[in-house]
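Shown next, in structure tokens, is the structure this report addresses.
The values are calculated or read from the model by the stated rules, or taken from the named source; none is laboratory data. Since we're looking at a predicted model, the values are computed, not measured. FYI the Cβ positions are ideal-geometry reconstructions off the backbone, even for glycines, and counts take in every protein chain you see.
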């Protein structure tokens, strides 16, 4: 089903961002950290991979608002995976008009025609499961399936241990802090003296 393909594409894109040393370096650059589009995009990807969907959505929206076409593409996939077609189309349209970004790692291609099967009415589970869970449920190893991506424990703890608030409109809002920057730098094996 297309929502499964969208979930897999979202996971693949988030993992590519999270595992890119050069993108971590760009996001942690003193000129970008913590308020730029790149840190927001990376933090959203990390939250997504930590199964914090609402938190990831908030930071992807922040990055898209700051001009990130990649964040808008991730939001497109996020909403397709939840079978929210109108919202997904909004983000795809934004991704199509935003200029290409510099400094991104090579990202996997997003499958074409993901929306076609969602033209009919769709029943979605409530509450929605994470895309990581959806990918795990539908992975078939003999046909190129893969296990779900998992962040290293130290990085996952840093990303999810942040103070967060339950916003009435946004849901879970996780805040970027210096310990997240340090965990990202350690994961990417970067020397980032301006972070301490």
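You will find that of 67, 103, the residue that is at pLDDT 80 or above and closer than 23 Å to residue 55 by Cβ is 67 and no other. Selection over the stretch 71-98 of residues that are out of contact with any helix residue (DSSP H, G or I) (no Cβ under 8 Å at 6 or more places or on another chain) and surrounded by 22 or more Cβ atoms within 10 Å (Cβ to Cβ) gives a count of 0. Scan the stretch 49-63 for residues that are surrounded by fewer than 24 Cβ atoms within 10 Å (Cβ to Cβ) and within 8 Å of the chain's Cα centre (by Cα) and the total you get is 1. Do we have residue 188 as in contact with a helix residue (DSSP H, G or I) (Cβ under 8 Å, 6 or more places away or on another chain), surrounded by 18 or more Cβ atoms within 10 Å (Cβ to Cβ) and modelled with pLDDT under 85 here? No: the conditions fail for residue 188. Considering the stretch 134-151, the residues that are closer than 16 Å to residue 52 by Cβ and not in a helix (DSSP H, G or I) include one that is modelled with the highest pLDDT, namely 151.
Out of the stretch 64-80, which residues are under 15 Å from residue 39 (Cα atoms) and over 11 Å from the mean Cα position of the chain (by Cα)? Once the filter is applied, which keeps residues that are under 15 Å from residue 39 (Cα atoms) and over 11 Å from the mean Cα position of the chain (by Cα), the stretch 64-80 yields 64, 65, 66, 67, 68, 69.
Identify, from the list 193, 128, 178, the residue that is at pLDDT below 60 and under 27 Å from residue 31 (Cα atoms). None of the others qualify; the one that does is 193.
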